[in-house]
Every structure is written in structure tokens, then in C-alpha cells.
Amino acid sequence: NFFIDLSTSHHQPFMLKVSVRKEEIAYEGVALFREDKMIGSLNVQETWIILRLRYNEDGGPIIFPYEGDPSRTVSLSSEFVGRSRRIGYRNGKVEARLHVQLEGALLEKTFKDKLFESGQIARLEKGAADYLTDTTRRLLDKLQKRYRVDVLGIGGQIRAFHPGIWRRVDWQSDFPEADIEVTYSYKLRNTGMELD
């Protein structure tokens, strides 16, 4: 995949990043490349976003502060359910709207509140979706402004399914200015643990 990505004009390659300490090898995320030069890296949580958006993968657990309180965290499993994508061209810019549907179970919470009522479950689901949307917005800013690399595969989608738009853009220079928005929905399928 790295060499295929390296030979295309519609997205840039990335590669797993590991560290070696004595006899231990640790996964640290991915290294980003422009052509064949490493220009930066993303951590594990950011890498999960790429896996969900580009490859429809589940990703790892979603860990976020419940109701915005950092002292009360919740961990949810994530299972990829579906993705919708709309791509257009307006005011000289590519517009991409992606929506990812996930579902899963409650894995852990760091507080004693019972979370079994429907209102609390709805808050968990909304909290997960909002956290993922905010995290992805920050990642997009990093990819578009700092690194200027499309590792999400949006350029590939435009080239394959929107040839009229593809002929109007120079993706290498237009990607940083593209209007890209990613939203999420999360469904708590089952609790996976005792909630009290």
C-alpha cells in the first residue's frame, strides 16, 4: 500500500511507526510522508480516525470525559457500521461531507453514577459522537494546514467517482483549502458491564 500510495497523485503514503526499547517493540501510530520523505507522525488515537475514514475499520476504544468533566471518563468499544460521503465543488473549493456510524458497548467508567436510564445512555452516545467529531476536526486541521497531506483518501474518491471535479483541481495544492467536514453517530448496543 505504501508504494501504491507513493506512485499516485491523489493521496500521500503513511506507514506504521514503532519504537524499540531494549527487547520491547511498541506501536506508536503512523509516520506521514510527502513523496518518499517522512514529514511528521500521528499518534494512535489519530491513526484510528484514519483507519475509520479510509478503510472502514473499527478503531480502538473511545475514551472521553463524561459530560465534559475530565475527572469522570468513559471508555466505549467501537465497531464500524457504515459511512456516507458527499463530495461537491463550490466557490472554487472541493467540499467533502463524511458521516461515520459506529456502535459498541460500555467498557469502563471512572465514577459510580448509574448510567442505565435512557437519558443517560443518550448522553453517552452524544458524548462519544461529539468527542470523535472534535478530535477529527483537530486532525483535519493538522493534515491540511501543518502537513498538507491527504492520507484519508479523499483525493482518490474524487478521482474515481467525480472525474469532472478531479479535472478542475490540482489536489496537491487544493487539498489544504478543501472544505472537509466529518461527523459521527454512535449507538450504545449493549452495556458490556454492570452500570452501577
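If we count every other residue with Cβ under 12 angstrom of residue 17's Cβ, Lys/Arg +1 and Asp/Glu -1, where does the sum land? Before the final figure, lay out each step's value.
Numbers: positive: none; negative: 28, 46.
Local charge sum for residue 17: -2.
For the chain, the convex hull drawn through the C-alpha positions has a volume of 145 cubic angstrom per residue. In the chain, the portion of solvent-accessible area held by carbon and sulfur atoms comes to 49 percent [1.4 Å probe, whole percent, DNA, RNA and ligands not counted]. Residues in the chain average 56 Å² of solvent-accessible surface per residue, probe 1.4 Å, ligands and nucleic acids excluded. Amide H contacts of residue 34: 39, each under 5 Å away and 5 or more positions distant or on a separate chain (H built 1.01 Å from N in the peptide plane; Pro and chain starts excluded).
Placing +1 on each Lys and Arg Cβ and -1 on each Asp and Glu Cβ, with no other charges, gives region 1-136 a dipole about its Cα centre of roughly 420 debye.
Measuring with a 1.4 angstrom probe and ignoring ligands and nucleic acids, residue 117 comes out at about 130 Å² accessible. Charge tally for residue 125 (other residues, Cβ to Cβ under 12 Å; Lys, Arg +1; Asp, Glu -1): +2. Whole-Hz Karplus values for region 57-63 come out as 8, 5, x, x, x, 9, 10 Hz, taken residue by residue from phi with 6.51 cos²θ - 1.76 cosθ + 1.60 and θ = phi - 60°; glycine and proline positions read x.
Any idea what diffusion coefficient region 131-196 gets from Stokes-Einstein, in µm²/s, Kirkwood Rh on alpha carbon pairs, 20 °C, 1.002 mPa s? Roughly 151 µm²/s, to the nearest whole number. Grab the other residues whose beta carbon is less than 11 angstrom from that of residue 153, score K and R as +1, D and E as -1, and report the net. Surrounding charge for residue 153 is +1.
To one decimal place, what orientation-averaged projected area in nm² is obtained for the convex hull of the Cα set of region 74-173? Directional mean of the projected Cα hull area for region 74-173 stands at 8.4 nm². If contacts are Cα pairs under 8 angstrom and at least 6 residues apart, what is the relative contact order of the chain in percent? Relative CO of the chain lands at 23 percent.
If you take the charge dipole of region 109-196 about its Cα centre, with +1 on Lys and Arg Cβ and -1 on Asp and Glu Cβ, which of 180, 154, 110 is farthest toward its positive end? About the Cα centre, the residue reaching furthest to the positive side is 154.
My understanding is that a pair violates if its Cα-Cα distance is over 21 Å; which of 37/93; 17/126; 109/187; 93/142 do that in this structure? In this structure, 37/93; 17/126 exceed 21 Å between Cα atoms. For the chain, adding -39500 (n - 2.57) for each run of n ≥ 4 DSSP H residues and dividing by the number of residues yields -9000 deg cm²/dmol at 222 nm. Highest-first packing order for the peptide set 151-160, 136-145 is 151-160, 136-145, based on the mean count of other beta carbon atoms within 10 Å.
The values are calculated or read from the model by the stated rules, or taken from the named source; none is laboratory data. Here the structure is a predicted model, which is why all the values come from computation and not from measurement. Cβ: placed from backbone, ideal geometry, glycine included. Neighbour counts: every protein chain shown. To get the accessible areas, we keep the full protein, side chains included, count just its heavy atoms, and leave off ligands, DNA and RNA. Shrake-Rupley method; radii C 1.70, N 1.55, O 1.52, S 1.80 Å.
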